[in-house]
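The values are calculated or read from the model by the stated rules, or taken from the named source; none is laboratory data. As the structure is a computational prediction, the values presented were derived from the model and not from experiment. Neighbour counts run over all protein chains shown; Cβ positions are idealised from the backbone, glycine included.
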Amino acid sequence: MRFDDWLHPTPKGLYCPPGDFYIDPVKPVARALITHGHADHARPGHTSVLASQQTLDIMALRYGEGHAEHTQDIAYGVQQTIGDVSVSFHPAGHVLGSAQIAVNYKGKRIVASGDYKRADDPTCLSFEPVPCDVFITEATFALPVFRHPDDRQEIQKLLTSVAQFPERAHLVGAYALGKAQRVIALLREAGYDETIFIHGAMQKLCDYYQSQGVDLGPLAPATLEKGKKGNFAGAIVVGPPSAFADKWARRFPDPIAAFASGWMQVRQRAKQRGVELPLILSDHCDWDELLATIREIDPEEVWITHGREDALTRWCELNNYTARPLSLVGYEEEAE
Amino acid sequence: MRAFSHLLDRLILTPQRNGKLRLLKDYFTTTPDPERGLALAVITGQLNLPSAKPAMLRDLIQSRMDPVLFALSYDYVGDLAETISLAWPEKASPDLPNSDLHLSDIVETLVKTSRRETPALVEAWLDRSDSSVRYALLKLLTGGLRVGVSARLAKTALAQLGEHDVDEIEEIWHGLEPPYETLFAWVEGTGPRPENDNPAPFRPAMLAHPIQDDDFTKLDAGDFGAEFKWDGIRVQASAGLALDGTLKRALYSRTGEDIARAFPDLMEALDADMTIDGELLVLIEGRVQPFNVLQQRLNRKTVSAKMMRAYPAHIRAYDLLVEKGTDLRAQPFSERRKRLEQAVASLATSRIDISPLVNFDTWDAVAAARQTPADHGAGVDADAVEGLMLKRWDSAYVPGRPKGPWFKWKRDPLSVDAVLMYAQRGHGKRSSFYSDYTFGVWRDEELVPVGKAYFGFTDDELKEIDRFVRNNTINRFGPVREVTHSQEVGLVLEVAFEGLNRSTRHKSGVAMRFPRIARLRWDKPPAEADRLESLEALLPREDRV
Ligand SMILES: [Zn+2]
Ligand SMILES: [Zn+2]
């Protein structure tokens, strides 16, 4: 039988008929298997959800305990039978609790990797390659121009700028789940032990990371006591990118806008967003990592989901991999 | 090169002047000679290394990667140098030198390399660099480096390394060559002030601001002198005594380029120890010729006797900077003007004369002179009057464009000097030429497009622009080419138009009616093109903000 018969895209998401479940569905469904806590992959309103404990915790933090009628956690590497298939979860190296989902059926295996990266990340477990027949890969940064530099070198850029402009606040835009904590953890690794100020929207997730053993050092809310603009001179403030455009950002003295994102690789993109200090830090694979992963896993087929599907499909053709763009909808290209 | 490329990366994204100054200063402080001096030369446009054409770079990258993947990448990034810098697949070879590439290596090697060997050389450099260095390198080699830093700003940063004023740097700048080691030593207090031993040196020119309506209410007409501004090329004619007592002479463009060799007729006339600021014109039988006649004498390395007879060059003097070894620039204009009149009168030539003062006691009288120059001293040459210069009687002659002492009041206010940014192929008869031009003016350190023009130029001018476009393309977007438009390199177009409105459709916020190319200003560096403020001042009053 064709792989397609037991796992295929539908408008609600990737569906597995013999197990009667969806992976990362974008609409409410009866049974959802969820790779990680980013909002475009983990949505509220499903009847039952199977995910890693950390992903379930993160969903509860974001949507409240009642986000699904029924939840069940699954440890990495454990096989669980659902209908006629068995599934297992494996670290994806994307954010805390992120997993690839392996689906086994009649001696064949498809791995849906969700979002993943190969670079080291002090805030989550590293990606584990799982041998499989079909590998479903994301393609967020699947263009040869995306080659993420060493993350420590990027953090050094931030620290250099803080030393160079000690009278100004450095506002670092970073997505609230994963990127923010990674930026903070990398700053700590680099020996920065000052208090780091965070936007209110990040408090709960940072607390949660700390409770899971990720050391983020001293954090404080980036709130302002009246008339004390100078408080943030020389400080590092981390907030969601969306907050930087609004009034919130105006409380800081002559701020330098930094943004931690894989998109910052392209100068024009940084310029358009008014970013002064781009930090090329991504929780996705860059081009080289995508190719290395496909070569390492060496699947029979590569299925390509959200992102730059055209370039990766082309590369697969040139390198004799059967490739197929899945054209799943509902995943935001911009989200990290 | 690593530190330099990081500096460029930061400068490109730093909007604030003070931020840029800090970045430059820190770079100059932490980078050794001669690297920092070469970097200064690159930023100030004194070091041009155009040795790679876009086609060559395309060939290089396509020998390394699939053309389809390259096309997808280029399409996404939109800038050739940046695409290549990011996508360049390094050869994972252990014998590649890992050391940092230096600007000095690049400069020295390029001089000794033939055109045929250049691609291999560039390829080797790309292999030993990271993407940031590759970007800087490719921009350097294609001449498309734009970091939003004017030469003046870079010199200001340099001055701030010590307790110097930027004008002190301007003063000696033109006698110096990259990598400026003596200059750095002087600003850092470890060496003497570099002496300019040229007896006829260039003195940085003083420029005027366009006058605004409300300036008149704030200014007292009695404080100002007015003279006609002639429609030619602003020059500085400099003559001084060498140590052996001979008179050395030079003729400089306003940016300090010595153009004396093309004007032996004028140089002969400049037979006294003095430095004059004036307008280069062609006079035939005492009458000032239109600009396109003058153009016959421009952009030439040498000149024939026939040419000199047909188009006799002339200087109409505005100001006297030095006389008999005495620097007059700190003196008030009233004093300099008096001495200028005597100095010019003492010359045994008719090739150098003086721009007459306009008599007035009210601003209304100045306005009348601007309206009808023929009746106010310009006589038969009224057509060659571009406008009026208003100079404070007490103003010293200082380099740059200080606010307040000098104003210019153009006769036809509906024209601007803009910089060519993009060109597109025309239609029909013109489809083989780049004939649709998008031009911009300065806002802070950046050019913003203000309009498009399709006509106004002659067939010869069309060919000249087309050649410029083809030789200076830095990007292509379908039928459109982006051309080099830095502070130092680019083509200045004098654009005339019928009117101006506010527009939300344009980034600049203004839209021109019926813009046309009135003239090509090869003589003008892009940095001296008009600023957006001068355009905004021409908006109908209710449209101003
Ligand atoms: Zn994600
Ligand atoms: Zn995703």
Single match in B:L57, B:L8 (criterion: within 13 Å of another protein chain (Cβ to nearest Cβ), within 25 Å of B:T473 (Cα to Cα) and part of a helix (DSSP H, G or I)): B:L8
For B:S99: the one exception among (1) facing chain A (nearest Cβ under 10 Å); (2) farther than 26 Å from A:K271 by Cα: (1)
Where A:L279 falls short, out of the listed (1) of a type outside the set (G, A, S); (2) modelled with pLDDT of 90 or more; (3) within 16 Å of ligand 2 (Cβ to nearest atom); (4) within 19 Å of the chain's Cα centre (by Cα): (3)
Positions within the range B:187-209 being at pLDDT below 85 and either farther than 21 Å from B:L328 by Cα or surrounded by 10 or more Cβ atoms within 10 Å (Cβ to Cβ) (or both), in sequence order: B:N196
Any chance B:S431 is touching a helix residue (DSSP H, G or I) at 6+ places or on another chain (Cβ under 8 Å) and over 30 Å from B:A226 (Cα atoms): no
Residue list for the range A:102-125, restricted to those being within 30 Å of A:L187 (Cβ to Cβ) and more than 16 Å from ligand 1 (Cβ to nearest atom): A:D120, A:P122
Residue in the range A:308-319 that is polar (S, T, N, Q) and within 16 Å of ligand 2 (Cβ to nearest atom) present: no
Pair list, Cβ < 7 Å and 6+ apart or interchain, from the range A:45-61 residues that are farther than 15 Å from A:V29 by Cβ to residues that are among the acidic types (D, E): A:S52/A:D73; A:Q53/A:D73; A:L56/A:D73
Any chance A:G66 is without any contact (Cβ under 8 Å) to a residue 40 or more places away in the chain, over 13 Å from the mean Cα position of the chain (by Cα) and not in a strand (DSSP E or B): yes
Subset of the range A:140-153 (residues that are within 12 Å of another protein chain (Cβ to nearest Cβ) and either under 30 Å from A:H8 (Cβ atoms) or surrounded by 20 or more Cβ atoms within 10 Å (Cβ to Cβ) (or both)): A:F141, A:A142, A:L143, A:P144, A:V145, A:F146, A:R147, A:H148
Yes/no for B:A52 being outside any helix (DSSP H, G or I) and more than 14 Å from chain A (Cβ to nearest Cβ): yes
Residues that are small (G, A, S), crowded, with 19+ Cβ neighbours inside 10 Å, within 14 Å of chain A (Cβ to nearest Cβ) and assigned to a loop (DSSP other than H, G, I, E, B), drawn from the range B:111-158: B:S129, B:G144
Members of the range A:13-44 found to be without any contact (Cβ under 8 Å) to a residue 24 or more places away in the chain and more than 21 Å from the chain's Cα centre (by Cα), listed by number: A:Y15, A:P17, A:P28, A:V29, A:A30
Whichever residue in the range A:156-184 is surrounded by 24 or more Cβ atoms within 10 Å (Cβ to Cβ) and more than 18 Å from the chain's Cα centre (by Cα) and, among such residues, is farthest from ligand 2 (Cβ to nearest atom): A:A169
Some residue of the range A:120-130 being in contact (Cβ under 8 Å) with a residue 60 or more places away in the chain and either touching a Ser or Thr at 6+ places or on another chain (Cβ under 6 Å) or within 14 Å of chain B (Cβ to nearest Cβ) (or both): no
Yes/no for A:F252 being within 22 Å of the chain's Cα centre (by Cα) and among the hydrophobic types (A, V, I, L, M, F, W, C): no
B:P449 vs. criteria in contact with a Lys or Arg (Cβ under 8 Å, 6 or more places away or on another chain), within 28 Å of B:A71 (Cβ to Cβ) and not assigned by TED's automatic domain parsing to the domain that holds B:D213: yes
Enumeration of residues in the range B:205-236 that are farther than 22 Å from B:F263 by Cβ, under 28 Å from the mean Cα position of the chain (by Cα) and either basic (K, R) or assigned to a loop (DSSP other than H, G, I, E, B) (or both): B:L207, B:A208, B:I211, B:Q212, B:D213
Any chance B:A124 is free of Cβ contacts under 8 Å to residues at least 24 places away in the same chain, among the hydrophobic types (A, V, I, L, M, F, W, C) and closer than 30 Å to A:H148 by Cβ: yes
Lone qualifier among B:R287, B:R261, B:R249 - being of a type in the set (D, E, K, R), assigned by TED's automatic domain parsing to the domain that holds B:D353 and under 22 Å from B:E386 (Cβ atoms): B:R287
Top-ranked residue of the range B:11-42 - restricted to ones that are small (G, A, S) and more than 11 Å from every other protein chain (Cβ to nearest Cβ), ranked as nearest to A:S161 (Cα to Cα): B:A39
The lone exception for B:D319 - which of (1) part of a loop (DSSP other than H, G, I, E, B); (2) at pLDDT 95 or above it fails: (1)
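Quick grid of which residues meet (1) surrounded by 16 or more Cβ atoms within 10 Å (Cβ to Cβ); (2) more than 14 Å from ligand 1 (Cβ to nearest atom); (3) part of a helix (DSSP H, G or I):
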| residue | (1), (2), (3) |
| --- | --- |
| A:Y22 | yes, yes, no |
| A:P25 | yes, yes, no |
| A:H36 | yes, no, no |
| A:S48 | no, yes, no |
| A:M59 | yes, no, yes |
| A:Q72 | no, yes, no |
| A:F89 | yes, yes, no |
| A:Q100 | yes, no, no |
The range A:289-310 residues that are over 18 Å from A:R118 (Cα atoms) and within 14 Å of chain B (Cβ to nearest Cβ), paired with ones that are part of a helix (DSSP H, G or I) and away from ligand 2 (no atom under 15 Å from the Cβ) (beta carbon under 7 Å, 6 or more apart): A:D310/B:L72
